1. From the list 268, 234, exactly one residue is modelled with pLDDT of 95 or more, of a type in the set (Val, Ile, Thr) and farther than 27 Å from residue 348 by Cα. Which is it?
2. Could you go through segment 197-211 and let me know if any residue there is in contact (Cβ under 8 Å) with a residue 40 or more places away in the chain, among the charged types (D, E, K, R) and either in contact with a Phe, Trp or Tyr (Cβ under 7 Å, 6 or more places away or on another chain) or not in a loop (DSSP other than H, G, I, E, B) (or both).
3. What are the pairs, 6+ residues apart or on separate chains, where a residue within segment 55-68 that is within 12 Å of residue 113 (Cα to Cα) and without any contact (Cβ under 8 Å) to a residue 24 or more places away in the chain has its Cβ under 8 Å from a residue that is in a loop (DSSP other than H, G, I, E, B) and not acidic (Asp, Glu)?
4. Among the candidates 334, 326, single out the residue that is part of a loop (DSSP other than H, G, I, E, B) and closer than 14 Å to residue 33 by Cα.
5. Mind checking which pairs have a first residue in segment 253-266 that is touching a residue at least 40 places away in the same chain (Cβ under 8 Å) and assigned to a strand (DSSP E or B) and a second that is polar (S, T, N, Q) and surrounded by 15 or more Cβ atoms within 10 Å (Cβ to Cβ), Cβ under 6 Å, 6 or more apart or different chains?
6. Suppose we filter segment 80-100 for residues that are part of a helix (DSSP H, G or I) and over 22 Å from the mean Cα position of the chain (by Cα); how many remain?
7. Within segment 9-23, is there a residue that is outside any helix (DSSP H, G or I) and either surrounded by fewer than 19 Cβ atoms within 10 Å (Cβ to Cβ) or at pLDDT 95 or above (or both)?
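The values are calculated or read from the model by the stated rules, or taken from the named source; none is laboratory data. Just so it is clear, the model here is predicted, and its values are computed rather than measured. Here Cβ is always computed from backbone atoms with ideal geometry, including for glycine, and neighbour counts include all displayed protein chains.
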Amino acid sequence: MGSCSFLLPTIFLIIFTFSGSVVQILGLGVGINYGQIANNLPSPSRVSVLLRSLNISRVKLYDADPNVLLAFSNAQVEFIIGLGNEYLENMTDPIKAQNWVQQSLQPHIPQTRIACITVGNEVFKDNDTRLYSFLLPAMQTVYKTLVDLGLDKQVIVTSAHSLDILANSFPPSAGSFRPDLAEYIQPLLSFHAQVKSPFLINAYPYFAYKGSPNEVSLDYVLFQPNQGMIDPNTNLNYDNMLYAQVDAVYSAIKAMGHTDIEVRVSETGWPSNGDEDEAGATIENAGLYNGNLLKRIDQKQGTPAKPSVPIDIYVFALFNENLKPGPASERNYGLYYPDGRPVYNIGLQGYLPVPDQMASASKINVFPVFGLLIYVIAWLLLL
């Protein structure tokens, strides 16, 4: 009996949290990037409860952390898992690729829903032509391994790219890839078209504003009301930079002969803090960017050039990560502090249990039951 004393107030806290945020976020198609370059993050089992309380059911990892994948067993959360750039050369070897899939992916299926593998991340950002040459063979070998194991229908293979791959991004209709990357991107696009996997981009309007704060409209990059910009070739009006960036990538892909590849945003976000020379990195701007972005996602908006295709977006990131290298902004992209407090208020009032509560709950197996109860109550609130 003593071990159950905390449960009643905890349950009411969860229900209260849901009632305050369910209208804003229930049914959103938003995904979240779950980075772990930190030494103060909550355990994956606690994060599982947090994401369930937020009704976020799509998560992107940068590796295949077994602790995370196990913690989300039977949680109805869909995962993108990552193969870091350091694995690319090995993944061109069929035996090594098979070993990785069998050891890192297969043991978690079907208990944990793994829908995608990103092979490499922003490979073309640095001038490492050797790494460039490994990317497509690694993707092809991982894909063939999935085919051989009968997993290719449920797990897709792709990679994520920074917008550094573009030579031109405005107007969006004139978007083009860098000429020096054409020999790598052309066959990569053919692979995407063949296996019907999306082209992922990490798109950050913040970088454009940070680089030219006196020239780039803050309202334009934050989805705030503004006159927008007209593409002179199409007469389409763009009221925010993110949509213009996505359409520029579509145009670049089309210029290489493909119109059947979907562009998805694997990362986008805004830092809540930064160094003195990092213009715009404030809590207010981060709240506006992500809050307005979530509203757009909730409306299932497409871009001006693709109005009938809602943009698939993963927000970066779930937590501030205190060990990330680089400027201060890199450590301040999180929606949450590691202790579960929201960095700013955009309606995402989730619940992160304290460790002793998780331990007690696991002993009596009460959280799955009340998780179901919470979802029922959430749906009833919408009736």
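1. Working: 268 fails: farther than 27 Å from residue 348 by Cα.
It is 234.
2. yes
3. Within 8 Å, the pairs are 57/76; 57/77.
4. Values: 326 fails: closer than 14 Å to residue 33 by Cα.
Unique residue meeting the criteria: 334.
5. Listed pairs, sorted by first residue: 266/202.
6. At the first step, the residues of segment 80-100 found to be part of a helix (DSSP H, G or I) are 85-91, 94-100.
Still in the list and also over 22 Å from the mean Cα position of the chain (by Cα): 89-91, 94-100.
Number satisfying all stated conditions: 10.
7. Filtering segment 9-23 for residues outside any helix (DSSP H, G or I) gives none.
Within segment 9-23 (the criterion being outside any helix (DSSP H, G or I) and either surrounded by fewer than 19 Cβ atoms within 10 Å (Cβ to Cβ) or at pLDDT 95 or above (or both)), the answer is no, since none of the residues qualifies.
Residues checked against (1) closer than 20 Å to residue 69 by Cα; (2) touching a strand residue (DSSP E or B) at 6+ places or on another chain (Cβ under 7 Å); (3) crowded, with 22+ Cβ neighbours inside 10 Å:
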site: 106; (1), (2), (3): yes, no, no
site: 124; (1), (2), (3): no, yes, yes
site: 131; (1), (2), (3): no, no, no
site: 142; (1), (2), (3): yes, yes, yes
